[in-house]
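A quick write-up on the structure given underneath.
Taken together, the values in this text are just the output of simple stated rules run on the coordinates, not laboratory data. Remember, predicted model here, so these are calculated numbers, not experimental data. A quick note on method: Cβ atoms are made from the backbone with ideal geometry, for glycine too, and the neighbour counts reach across all protein chains shown.
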Amino acid sequence: MKNILMQIPAQWRVAVGIIVTATLMTIIYDYGWQIGLPLALRNLSGLVLFFCIMFGAGTAYVCARLYGSSYAQGLKIGLCVPLVWYIKEILVAMNFYGFAAGLYAGLQGPYLFYFGIIFMLIGIFNLIYQLTLKLLNKPSEKLFKATALSLLPTFVLGGIEGIGLAVFGVDVLVFQGFLAGYRTFIL
Amino acid sequence: MKSIFVFSTLISLALASFVQVQAAESKKPNIVFILADDHRWDYLSVMDHPFIETPNIDSIANEGVLFENAFVTSSLCSPSRASFLTGQYPQQHGVQNNFTVWDNKNITYFEPLKAAGYATAFIGKWHMPGGLPTLRGVDQFISFEHAGGQGAYTGTPYIVNGKALKLGESPVEGVDITGYITDDLTNFSNKFIENNQDKPFALYISHKALHLPMEPDAEAAGRYDDVNIVLPKEADSWLAFADGSFKHFLWDSLEEKMKDYAETAIAMDQQIGLVLDKLETLGLDDNTIVVFAGDNGYMWGEHRLIDKRWSYEESMRIPFIIKYPNGIKNPGRRSQEMLLNLDMAPTFLALAGLEVPQHMQGKSAVAILEDKPESLRDAWLYKYYEDYPYPVPEQLALRTKRYKLIDYKRGKQDELFDLKNDPLEQNNLIDDPKMQTIYQQLKTRLHEMDAEVSQPAAAE
């Protein structure tokens, strides 16, 4: 076990750990009832899975930075965690709707907003990380740029959806606009 | 003197028979159809639900016939609603999912009723692709297009006979808007009954309740806060967030959402009571057919699923109760006959003494209401069309009294269940060597029925 761990680059270890945890939790969560696991345990596995999906990216990012990754590499490592979940979702959609429609399903608003939130959470985790470095009098980076960048995707997506609803009465990303695209390009 | 007596007797008899004919004409039954959205068949106290209290819907059952095996032929709001109206399968009326629009050429049961002198009204949720239609045969059409036709529990602006009203503006003179949609639709309906009490009427009350977001009124909210919800063994509290189910936006644990659902149901039940009271107060209850039904079922964790759509029992089974004091023999009964949503239109027309048009594919349930030893059917066809992007495969199913065969278009292994020994549909027998003969028989029947129901001539 130790040998396997040592083969994983230090920056990646936490990200891999989170992906493995999420996979295990998925198995317990989805199939635990078949071996009679109590509801409380299955609910707990669901919560852990949710935390992996939502906070795994931020955690993996900070840990990658602690092990010497640059901002860009940390971001790459952090995003691997939500990407695995996202690919699983697309594969489920492909299973029922075929390749093109399944792929297009990945562009639905909830997924886009999910990645927006993930970027935002990475920004918050980065902020906490940098502030901690400052408090410990260790070399830290400028806070404003990275934090502002992390908020950008959510603002852009929220702006598109908000303006669509307020000005044109159309929900662009979640259902109406998304389904219009489906009708035009896929159906 | 004798001839004068004979003459006057003859005149009296003629007059009496004329009056009787007139009375018989005016005794055409009124029809009140109450449709709930996403109401499971077992969320009624009359179905021995562990905690829900629905005294008013129960009273319909206690004075009528409760169909314990009532189903929809496609478990999704739009196709099911179109089947109720037209008496046809979605394969014929064309509303198959949230993309295929209602065809204005479709003939609803309102048209023959209108031609027979009925006052008619459709009040409430329409929600079919293509927006609000020109609904022939309907005098008063009160609906909404708010939130893509779903409406909202509070803050829905109404549209009456095609005229869009401002939020808070009432579509019915003399009726104030309360703001809670279930109450408003009830008030509009009661006014319609009041205004048409002297002639036969057909009223369709189409509730938003209990559809998401399942918001009860202030009186019912919190009623079941302390209830201990027992989930199906395969379910868990966070199911609404898992595996694509988050697209339904339940935003809560399953237990909490089930409580909201039940509370929304009792808020609706209370309003149904007001409609029943109105009929009784006006002395119309004996000659009024009251039907309570759901447009589809709802899964609360069974098979680790939420929502409807699937061919499983919790999804395709609906509450369906008919009360008609003047026309039901041995009321308070339960029928085990397999009744379908598309049987409602022909049943109404038959009860109104009208001919059932050939295009209607459903069957009249009048014989069952008269307690005659007749069977409606021994098998029927279910079809769910793809409804992108919900993660549910297209499926075709055959449901007999004992078995169910589900044929998935892709993405899932076909399933065969023995409903007698496995009512919760947990053991797929599709690969069981002992079941192969039955499987082949069911498969043949499934495809035969599919061809029969789908062919263009099927509804002529």
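For chain B, the relative contact order is 22 percent, taking Cα pairs closer than 8 Å that sit 6 or more residues apart in sequence and dividing their mean separation by the residue count. Of the residues A:Leu37, A:Gly169, A:Phe185, the one whose Cα sits farthest toward the positive end of the charge dipole of region A:2-185, with +1 on the Cβ of Lys and Arg and -1 on the Cβ of Asp and Glu, is A:Leu37. Highest mean packing comes first when the peptides A:87-100, B:391-404 are listed by Cβ atoms within 10 Å, giving B:391-404, A:87-100.
For region B:225-313, the extents of the C-alpha atoms along the principal axes are 52, 32, 23 Å, listed from largest to smallest. Going by neighbour counts of Cβ atoms within 10 Å, the residues B:His49, B:His39 line up, fewest first, as B:His49, B:His39. 3J(HN,Hα) along region B:309-323: 6, 6, 7, 6, 4, 5, 8, 8, 8, 10, x, 8, 10, 10, 10 Hz, from the Karplus curve 6.51 cos²θ - 1.76 cosθ + 1.60 with θ = phi - 60°, whole Hz, x for Gly and Pro. Where only DSSP H runs of four or more residues are counted, chain B gives -9000 deg cm²/dmol as its mean residue ellipticity at 222 nm, each run worth -39500 (n - 2.57). For a test of the definition: using alpha carbon positions, the gyration tensor, and the 1.5 limit on a/c, classify region A:2-185 as rounded, prolate or oblate. Oblate, because a/c is 1.5 or more while a/b does not exceed b/c.
Rounded to the nearest 20, the Cβ-based charge dipole of region B:273-375 about its Cα centre (Lys and Arg +1, Asp and Glu -1) stands at 180 debye.
Between the residues A:Ile118, A:Gly106, A:Phe96, the greatest Cα displacement towards the positive end of the dipole of region A:1-143, with unit charges on the Cβ of Lys, Arg, Asp and Glu, is found for A:Ile118.
Residue by residue, region B:339-350 carries 3J(HN,Hα) couplings of 9, 10, 4, 6, 7, 5, 4, x, 5, 4, 5, 5 Hz when phi is fed to the Karplus relation 6.51 cos²θ - 1.76 cosθ + 1.60 (θ = phi - 60°); x denotes Gly or Pro. Counting Cβ atoms of other protein chains within 10 Å of each residue's Cβ and taking the mean over peptide A:95-102 gives 5. A compact globular protein would have a Cα radius of gyration near 2.2 N^0.38 Å; the ratio found for region B:309-460 is 1.17. Taking the inverse of the average 1/r across all pairs of different Cα atoms in chain B, what Kirkwood radius in Å do you get? After inverting the pairwise mean of 1/r, the radius is 23.0 Å. Here the contact order of region A:2-185, divided by its residue count and restricted to Cα pairs under 8 Å and six or more residues apart, works out to 18 percent.
Each principal axis of the Cα cloud of the protein assembly as shown was evaluated for its coordinate range; sorted largest first, these ranges are 129, 63, 49 Å. Computed over region B:244-342, relative contact order equals 24 percent, with contacts defined as Cα pairs under 8 Å that lie 6+ residues apart. Simple point charges give the picture: +1 on the Cβ of Lys and Arg, -1 on the Cβ of Asp and Glu, and for the protein assembly as shown a dipole about the Cα centre of about 1960 debye.
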